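Colleague: Would you mind keeping the following structure in view while I ask a few things?
The values are calculated or read from the model by the stated rules, or taken from the named source; none is laboratory data. This one's a predicted model, so the numbers in the text were calculated from it and none came from an experiment. We place every Cβ from the backbone using ideal geometry, glycine too, and count neighbours over all the protein chains shown. Note: accessible area is taken over every heavy atom of the protein model, side chains too, but ligands, DNA and RNA are not part of it. Shrake-Rupley method; radii C 1.70, N 1.55, O 1.52, S 1.80 Å.
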Amino acid sequence: MFKRNAMLLMALLLLLTSGLTGCAGGGGAKIRIGEVTRSVFYAPEYVALEKGFFKEEGLNVELQTTAGGDKTMTALLSGAIDVALVGAETSIYVYQQGAEDPVINFAQLTQTDGTFLVARDATGDFDWSKLNGSVFLGQRKGGMPQMAGEFTLKKHGIDPHADLELIQNIEFANIAAAFASGTGQYVQLFEPQASIFEREGKGHVVASFGTESGQLPYTVFMTKQSYMNKHKDAVQKFTNAIYKAQMWVGSHTPEETAKTIAPYFKDTDMDILTSSVKRYLEQGTYATTPALHEDAWNNLLDVMESAGELKERVEMAKVVNNDFAEAAVKASSK
């Protein structure tokens, strides 16, 4: 039931044996971010970079895409990056393995699931019961998209492992291509891929897993406790910049946000970017402050427990530090 992810365990062993701290260069002014994927879902992060909010705080931030939760956590634990943008569940997995240097969540970026249910054919009104007996192209076991997806299906009386054919053996980066080539009747996709498929006639968005699964600390900036202890000032400045970006996104139109983040999506048309941002704004996906909330945390534990990925419920205080987020909000109100 509680399978260890091989890459995560390897990274944890590396952490425990090497004592690496992921020290940032430039006297704490340089911070290396590893994002789990490149997505419109993370618009405030790109706004913070493009609008110079990190530079205003005196930080030199380098962004890299580390392609997958396992690889992102491996990079963080080994010191290849200083801060990870990844699902909060990964910090729980590390905690469950008994890490001496736990991973601490300090700034939430998204507060709902970012995937949508895309149907190959969408004739008539949608009802979740239509998924019974269908072929569903899902996400990686143990990752937030899959767990939130299963949580939603169960809420609608569907057993994802008995009532449909669930495909989970396709790499995250290849899921959209697999659906486009004919695999599955339904697929779980992030934006902008969902909107692209709609425009190309390859699928139709029929439901939102973000709306269905409720508020969750879905994607969070996190770092190792040792790095946080050594670079408190840099972590605070980083959080300040993220909050500035969150306020900016909340006070500007989808068109303005799309134009700002366009350099990170050079192969995506502006109308698709705009519709993707609009869809996320309308369902309240982007967090309005960096602070994680207790009720959302408990919902995350419920989702993980339902998926069979939780050994025991982990108190938020064990792997969350809201001090930086609260200080950022307080400073901006002066």
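Colleague: Among the candidates M247, M316, M304, M270, which residue alone is open to solvent by 20 Å² or more (accessible area, probe 1.4 Å) and closer than 30 Å to Q168 by Cβ?
Modeller: Working: M247 fails: closer than 30 Å to Q168 by Cβ; M304 fails: open to solvent by 20 Å² or more (accessible area, probe 1.4 Å); M270 fails: closer than 30 Å to Q168 by Cβ.
When all the criteria are applied, what remains is M316.
Colleague: Cβ-Cβ below 7 Å, separation at least six or inter-chain, first residue in region 215-236 and part of a helix (DSSP H, G or I), second polar (S, T, N, Q) and open to solvent by less than 10 Å² (accessible area, probe 1.4 Å): which pairs?
Modeller: V235/T223
Colleague: Please list, ordered by first then second residue, the pairs with beta carbon atoms under 9 Å, 6 or more apart or interchain, first in region 239-267 and farther than 14 Å from G52 by Cα, second of a type in the set (A, V, I, L, M, F, W, C) and not in a helix (DSSP H, G or I).
Modeller: As it stands, the answer is A258/F265; Y264/L63, since those pairs meet every condition given.
Colleague: Next question, about the same structure. Can you name the number of the only condition in (1) crowded, with 21+ Cβ neighbours inside 10 Å; (2) not in a strand (DSSP E or B) that K154 fails?
Modeller: (1)
Colleague: Okay, moving on. Of a type outside the set (A, V, I, L, M, F, W, C), open to solvent by 20 Å² or more (accessible area, probe 1.4 Å) and modelled with pLDDT under 95: which single residue out of G25, G69, G58 fits that description?
Modeller: Values: G69 fails: open to solvent by 20 Å² or more (accessible area, probe 1.4 Å); G58 fails: modelled with pLDDT under 95.
Checking each option against the conditions leaves just G25.
Colleague: Can you tell me which residue among V135, V205 is open to solvent by 10 Å² or more (accessible area, probe 1.4 Å), among the aliphatic types (A, V, I, L, M) and closer than 20 Å to A307 by Cα? Write out each step before concluding.
Modeller: Working: V205 fails: closer than 20 Å to A307 by Cα.
One residue alone meets the criteria, V135.
Colleague: Can you pull out the residues in region 142-166 that are free of Cβ contacts under 8 Å to residues at least 60 places away in the same chain and over 21 Å from the mean Cα position of the chain (by Cα)?
Modeller: Pass one, region 142-166, residues free of Cβ contacts under 8 Å to residues at least 60 places away in the same chain: 153, 155-166.
Of everything in region 142-166, those that are free of Cβ contacts under 8 Å to residues at least 60 places away in the same chain and over 21 Å from the mean Cα position of the chain (by Cα) turn out to be K155, H156, G157, I158, D159, P160, H161, A162, D163, L164, E165, L166.
Colleague: Continuing with this model, one more query. Using the structure shown, decide if V118 is over 23 Å from V86 (Cβ atoms), hydrophobic (A, V, I, L, M, F, W, C) and surrounded by 23 or more Cβ atoms within 10 Å (Cβ to Cβ).
Modeller: Numbers: over 23 Å from V86 (Cβ atoms): yes; hydrophobic (A, V, I, L, M, F, W, C): yes; surrounded by 23 or more Cβ atoms within 10 Å (Cβ to Cβ): yes.
Judged against the criteria, V118 is a match.
Colleague: Output the number of the condition that V83 fails; it satisfies all remaining conditions of (1) open to solvent by 60 Å² or more (accessible area, probe 1.4 Å); (2) modelled with pLDDT of 90 or more; (3) under 17 Å from Q225 (Cβ atoms).
Modeller: Here V83 meets the rest and fails (1).
Colleague: Still on this structure, I have one more. Only helices (runs of 4 or more DSSP H) wholly contained in region 260-334 count here; list those with 2 or more residues that are of a type in the set (S, T, N, Q). Steps first, answer last, please.
Modeller: On the way: elements: 270-282, 294-306, 316-319, 323-332.
Passing ranges, in order: 270-282, 294-306.
Colleague: For region 250-267, what are the residues that are under 20 Å from the mean Cα position of the chain (by Cα), surrounded by fewer than 17 Cβ atoms within 10 Å (Cβ to Cβ) and more than 23 Å from A107 (Cα to Cα)?
Modeller: Matches in region 250-267: A262 only.
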